[in-house]
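J.: Got a structure for you, questions after.
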Amino acid sequence: MKNLLYTLVVFACFCFAACKKHHDPQPDNPYGLPNATQSGKNTLGFLLNGKPWTPQGFNGTANLSIDFDKGVNNGIFGISTYRILSNDNRQYFGLSVSDSLNFISTPKTYQLGNNSLFGVYFSNNSCTFDYFDNAIIRNGILTLTKLDRTNRIVSGIFNATISKSGCETISITEGRFDMKY
């Protein structure tokens with residue numbers, strides 16, 4: 001009888017034990033960034049000089065927003081976001097596309113440079129890299145992976161390197177966004 005009771009207790013422990021599985025990061029997301037989805041999850045993230053960067057904090061407005069205007073240049077959009085680590089450590093990021101989005105199909109790739117259809121903005125407490133500053137050296141790429149005009153979703157992946165005299169070079173890699181507009 002003792003053996004039967006012992007067997008039942010062991011069996012119950014195995015049957016009802018809560019197993020916690022370890023999940024490795026997804027192959028396309030080894031740094032804990034938001035996944036590169038295409039379903040309008042309103043996410044954005046990238047590596048800033050090798051460190052994960054996602055929107056954080058609140059300054060009275062949403063820390064991640066999109067402005068999509070299909071009436072300007074036959075369709076443009078801009079994403080704005082910020083990261084507040086402390087009152088003395090604030091970072092702002094933006095990217096924009098001013099192409100005829102009403103007529104393109106995806107995937108669509110844009111090169112970053114002066115006077116290109118894809119732009120990047122970055123600002124921190126020590127430097128500002130404006131969209132329109134011709135003193136900035138810009139290199140990078142943006143691929144729109146989804147532009148769903150019916151469900152109002154735009155998704156993409158990007159990277160950029162921006163530099164100018166007197167500022168630390170900014171390297172943005174593994175960038176991804178998935179926004180509803």
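J.: Mind listing whichever residues of region 138-168 are touching a Ser or Thr at 6+ places or on another chain (Cβ under 8 Å), surrounded by fewer than 20 Cβ atoms within 10 Å (Cβ to Cβ), closer than 15 Å to GLY113 by Cα and not aliphatic (A, V, I, L, M)?
T.: Result: ASN139, THR143, ASN159, THR161, SER163.
J.: Among the residues of region 141-153, is there at least one that is over 24 Å from ALA36 (Cβ atoms) and touching a Lys or Arg at 6+ places or on another chain (Cβ under 9 Å)?
T.: Checked against the condition, which is being over 24 Å from ALA36 (Cβ atoms) and touching a Lys or Arg at 6+ places or on another chain (Cβ under 9 Å), region 141-153 yields no hits at all.
J.: Also, I was wondering about something else. May I ask you to say which residue of LEU112, LEU95, LEU101 is over 18 Å from ALA160 (Cβ atoms) and among the aliphatic types (A, V, I, L, M)?
T.: Just a single option satisfies the conditions, and that option is LEU101.
J.: Between VAL120, VAL72, which is of a type in the set (Val, Ile, Thr), surrounded by 20 or more Cβ atoms within 10 Å (Cβ to Cβ) and either closer than 26 Å to GLY32 by Cα or over 19 Å from the mean Cα position of the chain (by Cα) (or both)?
T.: VAL120
J.: When you scan region 58-67, do you find a residue that is crowded, with 16+ Cβ neighbours inside 10 Å, modelled with pLDDT of 95 or more and not in a strand (DSSP E or B), even just one?
T.: Within region 58-67, one or more residues are crowded, with 16+ Cβ neighbours inside 10 Å, modelled with pLDDT of 95 or more and not in a strand (DSSP E or B).
J.: Which pairs do you get when a residue that is modelled with pLDDT of 95 or more and in a strand (DSSP E or B), found in region 70-86, comes within reach of a residue that is aromatic (Phe, Trp, Tyr) and exposed (fewer than 13 other Cβ atoms within 10 Å of the Cβ), reach meaning Cβ atoms under 9 angstrom, with the pair 6+ apart or on two chains?
T.: Within 9 Å, the pairs are ILE84/PHE58.
The values are calculated or read from the model by the stated rules, or taken from the named source; none is laboratory data. Since this is a predicted model, take the numbers as computed values, not measurements. No Cβ is skipped: glycine too gets one built from the backbone with ideal geometry, and neighbour counts run over all protein chains shown.
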